[in-house]
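Peer 1: Here it is: the structure, laid out below.
The numbers here are math on the coordinates, done by the rules we state, and not lab data. Worth saying up front: this structure is predicted, and the values here are computed from it rather than measured. So basically every Cβ, Gly included, is an ideal-geometry build from the backbone, and we count neighbours across all protein chains shown.
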Amino acid sequence: LGTMVALLKLYLMAFSFVFWAAGLTMLIIGIWAKLSLETYLVLSTNEYPNTPFILLTTGTAVIVWGFLGCYSAATEHRCLLRTYGSFQFAVLVAGLAVGLSNLLYRKDIAEGFQNGLWEAIRSYTEDEGKTEVLDAVQRSLNCCGVESYRDWFSSPWSMEKPTPNSSVPMSCCRARKGCLHSPLPSDAWGIYHDGCFTKISHFVSDNMFYIATAGLGVAVMQVVGIILTSLLAARIPSGGVSHSI
């Protein structure tokens with residue numbers, strides 16, 4: 001029995017270190033997701049789960065509980081071990097929620113962004129928030145319009161120009177200096193020709209897949225931790241600490 005408890009303690013302490021590292025990874029992914037995806041999600045007409053917030057919150061909690069897991073295993077504190085096991089179950093649920101929701105919502109990304117891009121073009125300069133985001137997206141992804149730069153020609157913004165149906169925003173220009181964008185020359189020289197829909201949907205969809213994989217990986221890992229925690233807690237007397245020989 002003493003050897004078994006010692007081995008379980010060793011395994012659980014090693015797992016807690018991996019658990020702590022996973023929490024740090026989740027925190028980093030959460031920060032990255034918030035910085036890289038939040039801007040693009042503004043343009044979508046579909047509602048998505050607040051994945052970055054879930055990752056940031058769970059990652060921070062896992063870092064704290066990773067240390068407590070090592071402490072509870074080292075001191076053989078039965079009550080704390082059971083609490084640690086309950087927390088691991090909560091992380092398992094959170095990981096499954098992040099992973100499955102992102103996998104499921106990837107299917108709705110195309111429709112959400114296509115509609116959102118059209119809305120942003122129709123309300124260009126009227127909705128300042130979406131205007132700034134759309135300009136930033138066109139510059140960063142080197143794109144213009146939804147399917148192509150010609151999508152701007154039918155927009156209310158272009159229709160109000162002195163030469164209607166022939167203008168695109170400055171954010172479509174490859175270089176600001178010397179860019180003829182309002183009106184465009186016949187060959188549309190100096191602007192991005194490709195639309196943003198394909199680029200932005202692929203970018204967000206791919207990154208959501210990576211986040212989903214990370215979330216599911218953390219969830220699966222918790223099964224091992226819950227088993228180790230339960231086995232060790234079951235072998236510790238109700239008094240709190242085992243006295244192994």
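Peer 1: Using just the alpha carbons, could you tell me how many Å³ per residue the convex hull of region 80-208 encloses?
Peer 2: 128 Å³
Peer 1: Mind grabbing the base-10 log of I(q)/I(0) for region 165-211 at q = 0.13, 0.30, 0.32, 0.33 Å⁻¹? Debye formula, identical points on the C-alpha positions, no solvent, two decimal places.
Peer 2: With no solvent term, the Cα-only Debye profile gives -0.41, -1.05, -1.13, -1.17.
Peer 1: Take every Cα pair under 8 Å in the chain that's 6+ residues apart, average their separations, divide by the length, and report that relative contact order as a whole percent.
Peer 2: For the chain, the relative contact order is 28 percent.
Peer 1: When the Karplus curve 6.51 cos²θ - 1.76 cosθ + 1.60 is applied with θ = phi - 60°, which whole-Hz ³J(HN,Hα) does each residue of region 208-218 get, with x for Gly and Pro?
Peer 2: 5, 5, 5, 5, 4, 4, 5, x, 5, x, 5
Peer 1: Over the chain, how many pairs of lysines fall under 22 Å by alpha carbon, counting only those 8 or more apart in sequence or from different chains?
Peer 2: 7
Peer 1: Restricting attention to the alpha-carbon atoms of region 106-158, what are Rg (one decimal) and Dmax (integer), both in Å?
Peer 2: 10.8, 32
Peer 1: A further question follows. If you wrap region 136-204's Cα atoms in a convex hull and average its projection over all directions, what's the area in nm²?
Peer 2: Value for region 136-204: 4.4 nm².
Peer 1: Would you work out which of Phe15, Leu100, Ser154 lies farthest towards the positive end of the dipole of the chain, given +1 charges on the beta-carbon of Lys and Arg and -1 on that of Asp and Glu, about the Cα centre?
Peer 2: Positive-most Cα among the choices belongs to Phe15.
Peer 1: Provide the descending list of Cα extents for the chain along its principal axes, expressed in whole angstroms.
Peer 2: 90, 30, 23
Peer 1: For region 12-85, just the Cα atoms, rotate onto the principal axes and tell me the three extents in Å, largest first.
Peer 2: The Cα atoms of region 12-85 stretch 51, 18, 13 Å along the principal axes, largest first.
Peer 1: What is the distance in Å between the Cα centres of region 74-114 and region 151-199?
Peer 2: Between the Cα centres of region 74-114 and region 151-199 lies a distance of 45 Å.
Peer 1: Calculate for the chain the 222 nm mean residue ellipticity that helices alone would give, adding -39,500 (n - 2.57) per DSSP H run of length 4 or more and normalising by residue count, nearest 500 deg cm²/dmol.
Peer 2: One gets -24500 deg cm²/dmol as the mean residue ellipticity at 222 nm.
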